[in-house]
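The values are calculated or read from the model by the stated rules, or taken from the named source; none is laboratory data. These numbers come from a predicted model, not from an experiment. So basically every Cβ, Gly included, is an ideal-geometry build from the backbone, and we count neighbours across all protein chains shown. Ligands, DNA and RNA are excluded from the accessible area calculation, which covers all protein heavy atoms including side chains. Shrake-Rupley method; radii C 1.70, N 1.55, O 1.52, S 1.80 Å.
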Amino acid sequence: MADGTVAERLAAFAHGFRLEAAPAEIIDMAKLHLLDTIGCALAAAGSDYAERSFDAARRIDTGSGSVAIGQAETLGLDAAIRFNAGIAHMLDFDDTHRITLTHPSVSAAPLAFGLAAHLGTTGEDMLSAYLVAVETSCRAGLGAAGPAFLHRGVHPTGALCAFGCALGAGRLLGLSTEQMTHAQGIALSFASGPMEWQRDGAEAKRMHPGNAAAGGLMAASAAASGITGPRLPYEGRAGIYSLFLGEDTRTDTDAICAGLGEDWAFADVSIKPYPLVHHIHGAIDCALQLVRENGVRPDDIEQLTVHLADRQIPILAEPEETKRHPRNGYQGIFSAYHAVAAAMVRGRMTLDETMETLLDDPAIVALRDRIDIVADPDSLYPEYYSGRVTARLTSGRTVAHAEKFHPGSDRRPLPRNAALEKFRANASRLMDDRRVRLLEDAVLSLPALPADALAPLLSGGAHGG
């Protein structure tokens, strides 16, 4: 697999992959991340955004038969994949590839279980397609330094996951290695993810994973029908790297393909403990430590300083007026000012702390206005989302807490039971306890079950089944 273009080498990996050859810990991790993604979708399935997203799909989609998570009606395959990916990403609670800041599962999971159920394949096929998709999506960004796409104003999930989904879909559709090479070239035409939404908290960002998943599906289907794609979608003069990062960008093709099938990039994907942008998990952890371990109360804080890497500040704290006074809930979960204040006032950070009604909470607003954001030269970003929070109290005392490694990372992994509790809490927002248990057991029983075994458990309205 050392010879050939990047697309050829990734295609050879995808075509030759066998689930039994994957390490047991990677297979177990895949099932847990599938469960986590489904839980994120269920937590959002009863939201106003889900209702509007389903309505948008129904306006142009006349198909049926593919489950739309949490909905009584089904959709056509393409529309269902887009819908499921969109609501799974809505809360920004889905997993993250630590190195590239890609959200791989939120595209790969809806694609894998949607297409596998549509084709009537086995659970083993579905799990294999998911692993091929997430691994390729992670690796597609490794040819540049760290989160280079994000800092260029490109959402890595939208830009990179189309390639992974093309190969995941290609595997389920039975494409040859040559067809999978073309599928990646075609997927380049679907790669997109502008970060302009961040200026005003627009909801369009939630559509990026669905665009990537459906684009990957279309790319694989086109390749299966004999349509050709460019053979250098990664390292070409107008490939993904030059296109989004600049013509002078050097693509480290060795980094993309090194150790394929042996060293799993997926191992660096973290399940989030907190429902907001991963960049701020370290700071949230520190803020909660000050409350829980040091007994700091918001009213006792004269000034709070949040230390972030200088490259994180434009994402979490600029423009200052918008970030300090977010106008909607989506802006709130990308604001260091609001998120840290909400965590300290409420003493926790759950989905309840991301509610839009808290934007005007007097105690949170008052603390937001006493927060400063400064650059932290000791941050380990981009490798880890370090955090440090310093509180100057009205008593004159100063207390601080720092975390080099964010919770959920390889250095501070989220315990398996904590990940399961997260799923149960999320799923319980829509389902009764019995159905939550059945769904959990079904996903964790893969690959023994058929792929369409999940569909009846994912459909229906609140507390159905």
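Values for this structure:
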{"quantity": "Net lengthening on full extension, residue 3/residue 145 (0.36 nm per residue, minus Cα-Cα)", "calculated": "48.8 nm"}
{"quantity": "Under 5 Å, built H, 5+ apart or other chain: amide partners of residue 70", "calculated": "459, 460"}
{"quantity": "Reach of residue 404 by Cα under 19 Å, taken over aspartates and glutamates that are not fewer than 8 positions away in the same chain", "calculated": "268, 285, 293, 310, 376, 378, 383"}
{"quantity": "For the range 105-191: accessible area per residue (Å², 1.4 Å)", "calculated": "20 Å²"}
{"quantity": "Interchain or long-range residues, amide H under 5 Å from residue 122's placed H", "calculated": "451"}
{"quantity": "Karplus-derived HN-Hα couplings along the range 207-221 (A = 6.51, B = -1.76, C = 1.60, θ = phi - 60°), whole Hz, x at Gly and Pro", "calculated": "8, 4, x, x, 4, 5, 5, 5, x, x, 4, 5, 4, 5, 5"}
{"quantity": "Relative packing of 275-288, 214-227, which averages over residues the other C-beta atoms within 10 Å, highest first", "calculated": "275-288, 214-227"}
{"quantity": "Global form of the range 131-273, assessed from the alpha-carbon gyration tensor, a/c cut-off 1.5", "calculated": "rounded"}
{"quantity": "Note, ³J(HN,Hα) from phi for the range 383-400, Karplus 6.51, -1.76, 1.60, rounded to Hz, x at Gly and Pro", "calculated": "5, 9, 8, 4, x, 8, 10, 10, 10, 9, 8, 5, 6, x, 7, 10, 10, 8"}
{"quantity": "Built amide H within the under 5 Å cut-off of residue 270, gap 5+", "calculated": "96, 97, 98"}
{"quantity": "DSSP beta bridges in the chain [antiparallel fraction, %, rounded to 5]", "calculated": "80 percent"}
{"quantity": "Order by protection proxy (mean Cβ within 10 Å, highest first), peptides 145-156, 59-70, 367-378, 120-131", "calculated": "120-131, 145-156, 59-70, 367-378"}
{"quantity": "Derived scalar couplings ³J(HN,Hα) [the range 320-330; Karplus, 6.51 cos²θ - 1.76 cosθ + 1.60; whole Hz; x for Gly, Pro]", "calculated": "4, 4, 5, 6, 6, 10, x, 9, 8, x, 5"}
